[in-house]
Amino acid sequence: MPESGTRPLPFPARVALQCLVLGGFAAFIGVFSAKPAYPLRGENDAIVKLSFTHAAQLQHPCRERNAEELKKLAPNMRTQLDCPRQRAVVRFEMEMDGKPAYRLELPPGGLRKDGPATVYRRAMVAAGTHRIAARLSDKPSGEFNHSKEAVVDLKPGQVLLVDFIPAEGGFIFTKE
Amino acid sequence: MATPCLRSRADRVIDAAIARAFAAPYNPWRQLGALTSLALAITVASGIVAYALYDTSISGAYQSGLRLQNDPSYFGVLLRGLHRYGADAFMLLMILHLLREFLRSHYRGPRWYSWLSGVPLIWLGWLAGLTGLWLLWDSRALHSVMATAEWLQALPLVDEGLVRNFLASGALNDRFFSLVMFLHIGVPLFLIGGLWAHLQRIHLPAVWPRRAAGVGLLLTLGVVSLLAPAQSLGMADPHFVPKAISLDWFFQLPHVLTDSLSGAGTWAVAGGLTLLCASLPWLDRGRRKPAPARVELIHCNGCSRCAADCPFGAIRMVPRTDGGMHAQQAAVDDELCVACGICVGACPSSTPFRRIEDLVSGIELPEQPIGRLRQTLREVLKSRAPGSMVLVCRCRHSPGGSQAPDPSMLSIEVECLGMLPPSFLDFALRQGLAGAVLAGCEGGNCEFRLGDRWTLDRIAGRRAPRLRRNVARERIISLARQDDEASIRNAVDELLRHPMHDQPGDAR
């Protein structure tokens, strides 16, 4: 049975076209698997990353239940101390070269608001020397009870990590 | 959204352009699904070997990549390239496959299942590739991990502390790479399971491409691997951000979106596109669904040819319900039937040589009964001299221009060429037609997947119902209507120019 259809091109032209299609496919994959390069920062930029997770103090102090309150509770729930689980909001402020960079109020995590407060921010700054001051309050009163101030010299591309780990003395500025 | 007409025209333009280079069965545009599965197979096979050479530790992960890329025997370079570029090709081919099926409106009606089940595969393929990039633990991997963490943190239930795992040098341990490896192996397993589900409603799916097309893909990936070796960047350092980074855009595009739109914005774009894709079968239902095939029990002998030929598995053979002498009967699942009529062409009862006055097949398309076709042939041929006319059978879905009335052509239009029983060609030639031109979709481009293949196989005698052996094959011209009516006209003229050797009624 004769078959017809698209008129075939001469063999050399067909091979050339096949090379073109396969070459185009190969080039597309080869190029877009690595290019174009994506700019992550400016020529003279450094990066400041702020990240910590911290459980603040309890919002309300424990108190003793009186006899009447204890009576209202189920027998197995009659503990003398009533300790609400909710934690205080963490207040955080950071200044860079005397100018405010962050002023955050971080609510406690968890459904019962009894978990740690967490934050992550990143920002570009010009490379060079900067004076960084950070302070934090984890008290219900909001009074700042942790602080640190330091002068850091940041090279282009260098990352300064501002962390807060009370067990290691509070604020930690890491850049290498 | 572009109208279906514009979209199908775009598909034809692309197809025709590629068809200039590749003969019909090898046209890669027509086997994108199969090429996608081959790209996955290449990626998985090279990945299994690469896994044997990989060290899942912080220092070892980066060194593993370097060892392969610096292998003096080039085995490592080829292996790494095939794995990396195979994954890129998988994503690209999958998107092209999606695009082609969209252009052809192959999400409507019973095809909704294949369309919908394909949508999650994009996510799984993307995740499998992304986790592979992390395993190299170079600066691209670190950027990708952090960007993904930032993106995930935009979700309401994900803690902002996720990214802390990657901020300091000591934050990670070797278990991270075991976890990523678990994901990198586990996700493709889900992907393969998803592919199995994706093909469930397709009868005889083309899982693998034609050998030549497959070899072409493998060679192409091999050449790219050697010419542009996949390379690691500098080792991941959380305290340094390079000025620019080389991204694998097939997998890392969401990172750029997260940077420019925010995490929530990227979720909105990705989620919106996914939702739009998934709901397309219901948003664009198209024209009224044609009535599904109907079994005419009295004419069905339970031969099961219709079930064997149905491209979508819409026909099952079930025990006889009418107490007839045959053990089985065909049963059509209306939800799966696309009303292509290929089952009608497969039915031995569709032969026009039957003596009953009103020809009825064992399985019929209610909107295009086979008896009407025989009636048309008989009526037209009553008033025509033998050899003065050619039967032109056109597929409704194949491309082609408008047909002008022509006294030398007896034109009929069918849903798919596979609907035409081969005995009709025999019948038409014996009734005095000079020949037959079958104008359908080009090889591998059938709207209903298998119509062109079954038609050619039946005429060549490779598949039942076979065209009788002594029917003059040179009187039948199979024509892919890629261009216009001119090719049909030429075929008709050619058949009219050469007189038949057999006279009507002599063929037997």
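The values are calculated or read from the model by the stated rules, or taken from the named source; none is laboratory data. As the structure is a computational prediction, the values presented were derived from the model and not from experiment. Glycine gets a Cβ as well: all are built from the backbone with ideal geometry, and neighbour counts include every protein chain shown.
Only residues that are more than 10 Å from every other protein chain (Cβ to nearest Cβ), of a type in the set (A, V, I, L, M, F, W, C) and under 25 Å from B:A50 (Cα atoms) were counted in region B:224-258, giving 3. Which condition number does B:N301 fail, the rest of (1) of a type in the set (S, T, N, Q); (2) in a loop (DSSP other than H, G, I, E, B); (3) touching a strand residue (DSSP E or B) at 6+ places or on another chain (Cβ under 8 Å); (4) surrounded by 14 or more Cβ atoms within 10 Å (Cβ to Cβ) being met? All conditions pass for B:N301, except number (3). Is it the case that some residue within region B:173-195 is modelled with pLDDT under 95, charged (D, E, K, R) and within 30 Å of B:W137 (Cβ to Cβ)? Taking every residue of region B:173-195 in turn, at least one turns out to be modelled with pLDDT under 95, charged (D, E, K, R) and within 30 Å of B:W137 (Cβ to Cβ). Collect the residues in region B:342-384 that are β-branched (V, I, T), in contact (Cβ under 8 Å) with a residue 40 or more places away in the chain and part of a loop (DSSP other than H, G, I, E, B), keeping them in residue-number order. Scanning region B:342-384 gives B:T351, B:V360.
Could you list all residues from region B:63-87 that are part of a helix (DSSP H, G or I) and surrounded by fewer than 22 Cβ atoms within 10 Å (Cβ to Cβ)? Hits for region B:63-87 are B:Q63, B:L66, B:R67, B:Q69, B:F75, B:G76, B:V77, B:L78, B:L79. Take B:A491 and decide whether it is of a type outside the set (S, T, N, Q), under 30 Å from B:V13 (Cβ atoms) and modelled with pLDDT under 90. Against the criterion (of a type outside the set (S, T, N, Q), under 30 Å from B:V13 (Cβ atoms) and modelled with pLDDT under 90), B:A491 qualifies.
Considering (1) surrounded by fewer than 24 Cβ atoms within 10 Å (Cβ to Cβ); (2) farther than 27 Å from B:S114 by Cβ; (3) hydrophobic (A, V, I, L, M, F, W, C), the lone condition that B:F448 does not fulfil carries the number (2). Filtering region B:425-455 to residues that are part of a helix (DSSP H, G or I), under 14 Å from B:L377 (Cβ atoms) and within 11 Å of chain A (Cβ to nearest Cβ) leaves only B:L425.
Sub-7 Å Cβ pairs linking a first residue in region B:12-26 that is more than 7 Å from chain A (Cβ to nearest Cβ) to a second residue that is aliphatic (A, V, I, L, M), at least 6 apart or interchain, are B:Y26/B:A212; B:Y26/B:A213, ordered by first then second residue. Listed by first and then second residue, the pairs with beta-carbon distance under 6 Å, at least 6 apart or on different chains, first residue in region A:53-65 and more than 16 Å from A:P108 (Cα to Cα) and more than 14 Å from every other protein chain (Cβ to nearest Cβ), second modelled with pLDDT of 90 or more and assigned to a loop (DSSP other than H, G, I, E, B), are A:E64/A:Q80.
Every residue in region A:24-51 that is within 20 Å of A:I132 (Cβ to Cβ), charged (D, E, K, R) and part of a loop (DSSP other than H, G, I, E, B), please. Once the filter is applied, which keeps residues that are within 20 Å of A:I132 (Cβ to Cβ), charged (D, E, K, R) and part of a loop (DSSP other than H, G, I, E, B), region A:24-51 yields only A:R41.
Please indicate, with yes or no, whether at least one residue in region B:130-147 is within 14 Å of another protein chain (Cβ to nearest Cβ), touching an Asp or Glu at 6+ places or on another chain (Cβ under 8 Å), in contact (Cβ under 8 Å) with a residue 60 or more places away in the chain and not in a helix (DSSP H, G or I). Looking for residues that are within 14 Å of another protein chain (Cβ to nearest Cβ), touching an Asp or Glu at 6+ places or on another chain (Cβ under 8 Å), in contact (Cβ under 8 Å) with a residue 60 or more places away in the chain and not in a helix (DSSP H, G or I), one finds none in region B:130-147, hence no. Scanning region B:187-228 for residues that are more than 17 Å from B:L32 (Cα to Cα) and either loosely packed, with under 14 Cβ neighbours inside 10 Å or basic (K, R) (or both) gives B:L189, B:G193, B:Q200, B:R201, B:L226, B:L227.
To keep it simple, each residue is scored yes or no on (1) aromatic (F, W, Y); (2) more than 18 Å from B:E447 (Cα to Cα); (3) free of Cβ contacts under 8 Å to residues at least 60 places away in the same chain.
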residue	(1), (2), (3)
B:G271	no, yes, yes
B:T274	no, yes, no
B:R285	no, no, no
B:S304	no, yes, yes
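Taking the condition assigned by TED's automatic domain parsing to the domain that holds B:R211, part of a helix (DSSP H, G or I), over 19 Å from A:A26 (Cβ atoms) and of a type outside the set (V, I, T), does B:Y113 pass? Yes, satisfied. Filtering region A:134-174 to residues that are aliphatic (A, V, I, L, M), more than 17 Å from A:V119 (Cβ to Cβ) and touching a residue at least 12 places away in the same chain (Cβ under 8 Å) leaves A:A150, A:V151, A:V152, A:L154. Checked against (1) surrounded by 13 or more Cβ atoms within 10 Å (Cβ to Cβ); (2) more than 22 Å from B:S169 (Cα to Cα); (3) modelled with pLDDT of 95 or more, A:D138 meets all criteria but (3). Got at least one residue in region A:133-148 being among the acidic types (D, E), in a loop (DSSP other than H, G, I, E, B) and farther than 19 Å from A:I172 by Cα? Yes. Within this structure, A:K175 passes the test of being within 11 Å of chain B (Cβ to nearest Cβ) and at pLDDT below 95. Of all residues in region A:120-169, those satisfying the criterion of being within 30 Å of A:Q86 (Cα to Cα), within 14 Å of another protein chain (Cβ to nearest Cβ) and not charged (D, E, K, R) are A:Y120, A:L161, A:V162, A:F164, A:I165. For the criterion of being without any contact (Cβ under 8 Å) to a residue 12 or more places away in the chain, within 14 Å of another protein chain (Cβ to nearest Cβ) and under 18 Å from B:P209 (Cα atoms), B:A87 fails. Would you check if B:R458 is in contact (Cβ under 8 Å) with a residue 24 or more places away in the chain, basic (K, R), within 14 Å of another protein chain (Cβ to nearest Cβ) and part of a helix (DSSP H, G or I)? Yes: the conditions hold for B:R458.
For residues that are touching a strand residue (DSSP E or B) at 6+ places or on another chain (Cβ under 7 Å) and not in a strand (DSSP E or B), tally how many sit in region B:272-298.
4
Within region B:363-411, the residues that satisfy the criterion of being at pLDDT 85 or above and either aliphatic (A, V, I, L, M) or not assigned by TED's automatic domain parsing to the domain that holds B:I476 (or both) are B:I363, B:L365, B:I370, B:L373, B:L377, B:M389, B:V390, B:L391, B:V392, B:M409, B:L410. Against the list (1) among the acidic types (D, E); (2) away from chain B (no Cβ under 14 Å); (3) within 21 Å of A:A55 (Cβ to Cβ), the condition A:E95 fails is (3). For region B:165-186, a tally of residues being hydrophobic (A, V, I, L, M, F, W, C), within 14 Å of chain A (Cβ to nearest Cβ) and loosely packed, with under 14 Cβ neighbours inside 10 Å returns 1.
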